[in-house]
Amino acid sequence: MLTADRSARYTMPPTASFPPYDYDVAVIGAGPAGMTAAIRTRWVKSYKSVPCSTVLIDGAGLGGLAKWRSCMLTGPSFHLPGSEVVGHFRQDIEDLEIPLITSHVVNIDFEGPVKTVYTESGAVVRVLAVIIATGFRTLCNEQDYLQHIAITYMGYEFFAELLCNFFNLEGRHTVVVVGNEFTRNLVDLIESCNNGRHQIIYLLNTNTHNPQLPQATGAVIQGKIMRYEGDRSLEGIRIMTKDAGEQFIPCSKVLLDYNSYELAPLYEFDVSPLKKTVRGFIKVDREMRTNIAGVYAAGDVTGLYATVGRAIGDGIVAGFSAYQDIFKLKFKQQPCLFAYAARDIKITPGFKDLPRLRPHLKPKVIVSSGRAARLAAEYAAKHQLPADTLARLVAACNGVHSIAEQRAVFNLEQSVVNNLIEFLVEKKAVALHR
Ligand SMILES: Cc1cc2nc3c(=O)[nH]c(=O)nc-3n(C[C@H](O)[C@H](O)[C@H](O)COP(=O)(O)OP(=O)(O)OC[C@H]3O[C@@H](n4cnc5c(N)ncnc54)[C@H](O)[C@@H]3O)c2cc1C
């Protein structure tokens, strides 16, 4: 039964009809592609849009590869540090209060209109859209140990020089080479540059069963890095092996064979329902849509060409596409959006960019409760409405109860509730769930 008391939000029965979900969009991977995708779904543009409720998921936090010192937004004549570029996105994400789940995704159920995303930490998130922006592989805390890590990139001639310099170390070290089955292309070079001076361990992060490196002089382990450890300098890496579980490998240097991941990306979750390229990258169309409705991909995970600039562009497009599809699902019409898909419609005085609020939509506050309360108070003062009632109404906007239910519970006129919700939508403080 509906009640109008202070515990209203706990006693209202949830609206049936569409399966319940937690966020409109989950963005998996928070590198430049994932960050820009999340920002666009949440913000879209400054004027008259209906923000999506969006969550970012990445065990390595925000920034992806672009927070490493060697990754930059580059042209021949300019080098914008990647950290500076992602610094702006970080600020946007903070200002927009986009939540981040700091864990890696281990499974996605792609079936049906609501997708379910599972993380390593046990979080379960139900969403209308998934944007996969996982790059070539998962990251952890590499950026804290970059002075002890060499990375294969730039070109094959460069590798030869890089490796010879890299193994030119004083004393005897344990070096872990991290890659996948394509690291086989480097083994001869690695072994000849090392020339027996240091102990080498190969850690292959691959789904191939029992990968072989016949030329390797050291152990070959199948597994992945979970964490780099050491007080100031690198003392070892904690890994998860395919068979033996967690293990610590003492080492002072790591060679990350990015070249091998550029040949075949690594996924932490099953992507078999998605169409892929020969090399295993996710196939997308020009709008970053995959073969599954409601699933998009952006950045390095879609294959060539791996650059910060392209990742940013991809992320923006994927964000727009997810926004557009979700908007159509909720409002049964195209969004008015300047950036794409201008609508061939007659514009008359009084035309409204925002769609009519349908009573079955469920408002969800997507900013902090304090900010939402301040906005409600501002609105109440401006329109001489009961501040306490509006505050309680806004506090009850949890994406579970519909606008119609809110009207009944708080005994307010339709126009009052609609105008308040529209005001909060325009302030990008409220999303409307289906
Ligand atoms: C050494 C090096 C130097 C480079 N230099 C340049 C340069 O100078 N100029 C340039 O334009 N480009 C450069 N690049 C390329 C550029 O960094 C990438 O193209 C760009 O960062 C790709 O962005 P992304 O968001 O697609 O992926 P990434 O930046 O790789 O981000 C992907 C994120 O997804 C996360 N992730 C992966 N799997 C999961 C999962 N299962 N669950 C949750 N999160 C997950 C990862 O932890 C990571 O944070 C360089 C790359 C390297 C390796």
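Numbers below:
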quantity: Amide H within-cut-off set for A150, under 5 Å, with H built and near neighbours excluded; calculated: V254, L255, L256
quantity: Local electrostatic count, E235, Cβ distance below 14 Å [Lys/Arg +1, Asp/Glu -1]; calculated: +1
quantity: With all protein chains modelled, accessible area of T241 [1.4 Å, Å²]; calculated: 20 Å²
quantity: Exposure ranking of C164, C336 by accessible area [1.4 Å probe, largest first]; calculated: C164, C336
quantity: Most mobile of G280, G61, G218 in a GNM of the chain (Cα contacts under 10 Å); calculated: G218
quantity: Solvent-accessible surface ranking, highest first, for S77, S252 at 1.4 angstrom; calculated: S77, S252
quantity: Mean Cβ count within 10 Å, highest first, over the residues of peptides 131-137, 288-294; calculated: 131-137, 288-294
quantity: Area accessible to solvent at C397, 1.4 Å probe radius, in Å²; calculated: 10 Å²
quantity: 5 angstrom amide H check on R227, placed H, neighbours 5+ away; calculated: R238
quantity: Semi-axis lengths (Å, descending) of the ellipsoid that matches the C-alpha gyration tensor of the chain; calculated: 48, 21, 19
quantity: Accessible-area ranking of W43, W68, largest first, probe 1.4 Å; calculated: W43, W68
quantity: 1.4 Å probe accessible area per residue over the chain, in Å²; calculated: 46 Å²
quantity: Options P386, C164, V177, ranked by Cα towards positive dipole end of the chain, top entry (Cβ charges); calculated: P386
quantity: Helix-derived mean residue ellipticity, 222 nm - over the chain, DSSP H n ≥ 4, -39500 (n - 2.57), to 500; calculated: -9000 deg cm²/dmol
quantity: Acute angle (nearest 10 degrees) that the helix 32-43 long axis makes with the longest principal axis of the chain, alpha-carbon atoms; calculated: 0 degrees
quantity: Whole-percent carbon and sulfur share, accessible surface of the stretch 142-263, 1.4 Å; calculated: 46 percent
quantity: Degrees, to the nearest 10: 156-166 long Cα axis against longest axis of the chain; calculated: 70 degrees
quantity: Out-of-range pairs (alpha-carbon distance over 22 Å; input K364/K427; K45/K328; K45/K352; K115/K330; K224/K275; K48/K362); calculated: K224/K275
quantity: Sequence-separation-based contact order of the chain, relative, with Cα cut under 8 Å and 6+ spacing, percent; calculated: 19 percent
quantity: Three semi-axes of the equivalent ellipsoid, the stretch 362-433, Cα gyration tensor, whole Å, largest first; calculated: 15, 15, 10
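The values are calculated or read from the model by the stated rules, or taken from the named source; none is laboratory data. These numbers were taken from a predicted model, which means no experiment stands behind them. All Cβ positions, even for glycine, are placed from backbone atoms using ideal geometry, and neighbour counts span all protein chains on display. We work out accessible area using only protein heavy atoms, side chains counted, and drop any ligands, DNA or RNA first. Shrake-Rupley method; radii C 1.70, N 1.55, O 1.52, S 1.80 Å.
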